[in-house]
Amino acid sequence: MIFAAGRGERMRPLTDTCPKPLLKVRGRPLIVWQVLNLVRAGITEIVINHSHLGHMIEDALGDGAQFGASIAYSPEAQALETAGGIAQARHLLGDAPFVAVSGDIYCSHFDYEQVKTALQDNDVWGNPHPHDKRDVAWIYLVKNPDFHPQGDFALRSFSIANEGDPRYTFANIGVYRPEIFDTVKAGEHAKLAPILRAYADRGQVGGEVYRGDWFNVGTPEQLAQLNRPLNERTPT
């Protein structure tokens, strides 16, 4: 699932006439980078939620055939937040674990091949997996960016903790068992973070650090910086 329902207030005035996931980075809309990366890993059944100017997202991506994907849409009259968006789209997501990612982040080198085994009990050779079978979610973390120096979670031997050091920032990429959203009703506004924190307190959220390129494109200045030639960019 790709989250694409946010209004993108900090990106105004660009998002007054264009949904944030369709803003272009290096010649492609942000959301297209995600679709292509997913398809490259063989993940071709994709659900996209949308709200603000959502028709433009559907017009741009269509049924996904141009990318080698099959895209279904979950429209929201008002953006329902991440967990609310998942609950609204449950009928499209099925009963198996699924990967969910924000449509407004840029991480062109993230290998989605790794998410396929994130919640399996054994690795591809049949050996016990470092991901605990009790885990209901597996999330990816990044080094804390300048705009979020306090981070979100600590990581202890592949286990996510709410307290501790060092701390990392949630990359907005995760794999989830759908049943953790059973308490959220379709049409309800609900955030993902409280759900993750509750399960982390029970020791049921695993994770790892992604050290490749990752940008949360939040402002016009950040977008312009990302689109500058490499030799003109300010180090981050």
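The values are calculated or read from the model by the stated rules, or taken from the named source; none is laboratory data. Predicted model, so just to flag it, every value in this text is computed and none were measured. Backbone-built Cβ (ideal geometry, glycine too); neighbour counts: all protein chains shown.
So if I check each of Y176, Y140, Y168, which one is over 30 Å from P13 (Cβ atoms), in contact with a Pro (Cβ under 8 Å, 6 or more places away or on another chain), modelled with pLDDT of 90 or more and not β-branched (V, I, T)?
The unique qualifying residue is Y176.
Could you figure out which of (1) surrounded by 14 or more Cβ atoms within 10 Å (Cβ to Cβ); (2) closer than 23 Å to R12 by Cα isn't true of E221?
With respect to (1) surrounded by 14 or more Cβ atoms within 10 Å (Cβ to Cβ); (2) closer than 23 Å to R12 by Cα, E221 is out only on (1).
Quick one: which residue in L30, L38 is surrounded by 14 or more Cβ atoms within 10 Å (Cβ to Cβ), within 13 Å of the chain's Cα centre (by Cα), modelled with pLDDT of 95 or more and not small (G, A, S)?
L38
Out of (1) modelled with pLDDT under 95; (2) aromatic (F, W, Y); (3) not in a loop (DSSP other than H, G, I, E, B), what's the single condition that is false for W125?
Looking at each condition in turn, W125 falls short on (3).
Any idea how many residues of segment 26-77 are charged (D, E, K, R), out of contact with any strand residue (DSSP E or B) (no Cβ under 7 Å at 6 or more places or on another chain) and assigned to a strand (DSSP E or B)?
Qualifying residue count, segment 26-77: 1.
Applying the selection to segment 108-122, what residues are of a type outside the set (G, A, S), crowded, with 19+ Cβ neighbours inside 10 Å and either more than 20 Å from the chain's Cα centre (by Cα) or at pLDDT below 90 (or both)?
L119
Going by the conditions given, is G85 assigned to a helix (DSSP H, G or I), within 29 Å of A96 (Cβ to Cβ) and touching a residue at least 60 places away in the same chain (Cβ under 8 Å)?
It is true that G85 is assigned to a helix (DSSP H, G or I), within 29 Å of A96 (Cβ to Cβ) and touching a residue at least 60 places away in the same chain (Cβ under 8 Å).
Considering segment 82-111 alone, what residues qualify as being within 24 Å of R197 (Cα to Cα) and in contact with a Gly (Cβ under 9 Å, 6 or more places away or on another chain)?
Matches in segment 82-111: G84, A87, Q88, V99, A100, V101, S102, G103, D104.
Return yes or no: is L23 hydrophobic (A, V, I, L, M, F, W, C), within 16 Å of the chain's Cα centre (by Cα), modelled with pLDDT under 95 and crowded, with 18+ Cβ neighbours inside 10 Å?
The answer is no for L23.
Going residue by residue through segment 169-185, is there one that turns out to be in contact with a His (Cβ under 8 Å, 6 or more places away or on another chain) and of a type in the set (V, I, T)?
Yes, that holds for at least one residue.
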